[in-house]
1. Straight distance only, please: which lysines reach the Cα of residue 50 with their own Cα at less than 22 Å, same-chain residues fewer than 8 apart left out?
2. What order, most packed first, do the peptides 114-120, 173-179 have when packing is the mean number of other Cβ atoms within 10 Å of each residue?
3. When the label point is put 7 Å from the Cα of residue 19 along its Cα-to-beta-carbon vector, which residues of the stretch 78-95 have a backbone N closer than 20 Å?
4. Divide by every residue of the chain the summed helix terms, -39500 (n - 2.57) for each DSSP H run of at least 4, and state the resulting mean residue ellipticity at 222 nm, rounded to the nearest 500 deg cm²/dmol.
5. Taking +1 at the Cβ of each Lys and Arg and -1 at the Cβ of each Asp and Glu, which of 67, 86, 124 sits farthest along the dipole of the chain towards its positive end, judged by Cα position relative to the Cα centre?
6. Counting only C-alpha contacts under 8 Å and six or more residues apart, can you give the relative contact order of the stretch 17-189 as a whole percent?
7. Just to confirm my numbers, what's the Cα centroid distance between the stretch 134-172 and the stretch 111-133 in Å?
8. Identify the GluC sites (Glu not before Pro) of the stretch 29-73 meeting these criteria: DSSP loop state and at most 12 other C-beta atoms within 10 Å of the C-beta.
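Laboratory data are not the source of any read-out in this text; all were calculated from the coordinates shown. Small disclaimer: the values here were computed from a predicted structure and weren't measured. Cβ sites come from the backbone with ideal geometry, for glycine too, and all protein chains shown count toward neighbours.
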Amino acid sequence: MLIPQEVTRPQPNRYAAVRTVSQVMLRLERDNPDAFKVVRDEVLDWVRWKAGKPLPKQAWEGLAFELDDVGAQRVAAAQLDEPHYWAARVDDACREVAQRTWITEIGLAAVPAGGVLFGCRLIVSARGDNPRFQPSIPAFVRKAVQGGRAFLDDRQLAEGPWVVRTKEDVDSLYALMTSKIETHGHLCVLPL
């Protein structure tokens, strides 16, 4: 009589390890009367590319939508008229690591005086292996910054890095880091 041997199988993780990779909050200005729509359409261009399928018509009209068709990445958006707000989420399955997903959350709010409050958070969720990765910021953030004027705590951002060289630069950096005023934005890439 044969006695079956017990086969030990690796147990899949029941819970996902979820971690924030990067987060951005900025105030954007455009030389366009409908800056909100301009920024939203820039974000939607990236969302469309990530989705893998065409976005529905209501997406381009700034309305709520959900895309979860077979063969597409999961994408959803919601909107409010008052206050004028739009938010989207893209779940992007990792191409290199099984059971790892990159989740991008985007929020836009119209500023009464003009401009747009812009927020983006990139999260990684992994049920299995989660090898090290280089923290990053989604590509559409750079486009949003380059498309007009972008402000981080009322400091206008430049395209290149802010190189701290002088005592005045150090003082400015220190003032920015210790400011007690309500923040209009922040930018961080979290370490591994």
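1. Excluding near neighbours in sequence, the set is 37, 143.
2. Numbers: 114-120: 19.9, 173-179: 10.9.
Final packing ranking: 114-120, 173-179.
3. Inside the label zone: 91-95.
4. Numbers: 4 runs with 41 residues, N = 192.
Calculated at 222 nm, the ellipticity per residue is -6500 deg cm²/dmol.
5. About the Cα centre, the residue reaching furthest to the positive side is 124.
6. Taking the mean separation of contacting Cα pairs over the length of the stretch 17-189, I get 30 percent.
7. Cα centres, the stretch 134-172 to the stretch 111-133: 17 Å.
8. Working: sites: 29, 42, 61, 66; in loops: 61.
The qualifying sites are 61.
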